[in-house]
Amino acid sequence: MIPLPEDRDGLVARYPRHERPTLRANFIASADGAVSVDGLSAGLQGPGDKEVFDTLRMVCDALVVAAGTVRAERYDALRLTADDRAWRRAQGLPEFPLMVIVSGSLDLDPAQLIFSDAPVRPIVLTHRAAPVAPIGEVAEVIAVGDERVDLAAGVRLLHERGATQLLCEGGPALLGSMIAADLVDELCLTVAPLLIGGRAGRIATGPPSPPRRMSLRHALTRDDMLFLRYARS
Ligand SMILES: NC(=O)c1ccc[n+]([C@@H]2O[C@H](COP(=O)([O-])OP(=O)(O)OC[C@H]3O[C@@H](n4cnc5c(N)ncnc54)[C@H](OP(=O)(O)O)[C@@H]3O)[C@@H](O)[C@H]2O)c1
């Protein structure tokens, strides 16, 4: 068993930025595949998970998250520690990654901290049939797709804006759509030593999709937590 590195340089070496554009998804699940406990991911967390979560945010250009997760988890603004911001500056990166929220309904609360406390104006990716909504006052609303969010077009748009290292934090409906559109280059999966049972969903749900072959890049542990990184074969 290879331990999860304790220090930031060790973590960055395990979760590097890439030369090529990359969409990396980060999820946590229980040993029996549950993506949440009582509707939230907090009950799955354990030793090392926060460090991986923070490292992935630190090294990305844009964090992409769907409206369901933003609403369920009451997402805060994307704030990094002073050390993490200094690391980014030293790499020639903007101090904060872009925050990108995917929503078709635009049923988003402008007062939620993810918007009202944002250090950089977030982007909301929606479609051309979306209603006009108050969220446009606190975010840049961009339509990609006529009646549903065209995720491939959204990814291209982010690339054009210089954000090539994308981190998708979910949730399962977004990951399922990303898999169906063949946009996922990497999956960082933390497996928590828990059996949840019940009706909790898995990390991806959505339209049918052919199986996509991935290669295992590492399997690291801390205490009983398992940290897997898969990359497109
Ligand atoms: N364990 C983990 O790592 C983890 C990570 C993230 C989330 N979660 C859990 O997952 C749950 C939320 O996930 P969810 O699957 O219900 O929702 P989700 O994937 O977070 O969000 C789904 C929403 O995304 C928007 N959307 C727009 N276009 C889409 C497209 N092409 N494909 C997919 N979504 C699109 C829609 O928002 P509108 O309704 O605004 O149109 C849709 O309702 C929560 O319980 C959360 O705690 C767990």
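The values are calculated or read from the model by the stated rules, or taken from the named source; none is laboratory data. None of these values were measured; they are calculated from a predicted model. Because the Cβ atoms are built from the backbone with ideal geometry, glycine has one as well, and the counts that use them run over all protein chains shown. Only protein heavy atoms, including side chains, enter the accessible area calculation; ligands, DNA and RNA are left aside. Shrake-Rupley method; radii C 1.70, N 1.55, O 1.52, S 1.80 Å.
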Legend entry - First in segment 200-224 and over 14 Å from L187 (Cα atoms), second anywhere and at pLDDT below 95 and more than 12 Å from the ligand (Cβ to nearest atom), Cβ under 6 Å, 6 or more apart: T221/M1
Inset, instruction - Please indicate, with yes or no, whether at least one residue in segment 44-59 is open to solvent by 20 Å² or more (accessible area, probe 1.4 Å), away from the ligand (no atom under 13 Å from the Cβ) and within 23 Å of A152 (Cα to Cα). - result: yes
Inset, instruction - Just name the residue that is most open to solvent (accessible area, probe 1.4 Å) out of those in segment 75-107 that are more than 15 Å from the chain's Cα centre (by Cα) and within 16 Å of the ligand (Cβ to nearest atom). - result: D107
Inset, instruction - Please determine, by comparing only the residues of segment 193-215 that are within 26 Å of G43 (Cα to Cα) and under 20 Å from the mean Cα position of the chain (by Cα), which one is most open to solvent (accessible area, probe 1.4 Å). - result: R202
Legend entry - Condition check for G33: closer than 21 Å to S177 by Cα, surrounded by fewer than 21 Cβ atoms within 10 Å (Cβ to Cβ) and over 15 Å from the mean Cα position of the chain (by Cα): yes
Legend entry - A13 vs. criteria of a type in the set (G, A, S), closer than 25 Å to L220 by Cα and away from the ligand (no atom under 16 Å from the Cβ): yes
Inset, instruction - Sort through R20, R14, R24 and tell me the only one that's open to solvent by 30 Å² or more (accessible area, probe 1.4 Å) and either in contact with a His (Cβ under 6 Å, 6 or more places away or on another chain) or closer than 19 Å to L80 by Cβ (or both). - result: R14
Inset, instruction - Kindly provide the set of residues from segment 220-233 that are surrounded by 14 or more Cβ atoms within 10 Å (Cβ to Cβ) and touching a Lys or Arg at 6+ places or on another chain (Cβ under 9 Å), ordered by number. - result: L220, F227, L228, R229, Y230, A231, R232
Legend entry - Qualifying residue in segment 115-132 (condition: over 17 Å from the mean Cα position of the chain (by Cα) and at pLDDT below 95): yes
Legend entry - Residue count, segment 143-167 (criterion: at negative phi and surrounded by 17 or more Cβ atoms within 10 Å (Cβ to Cβ)): 12
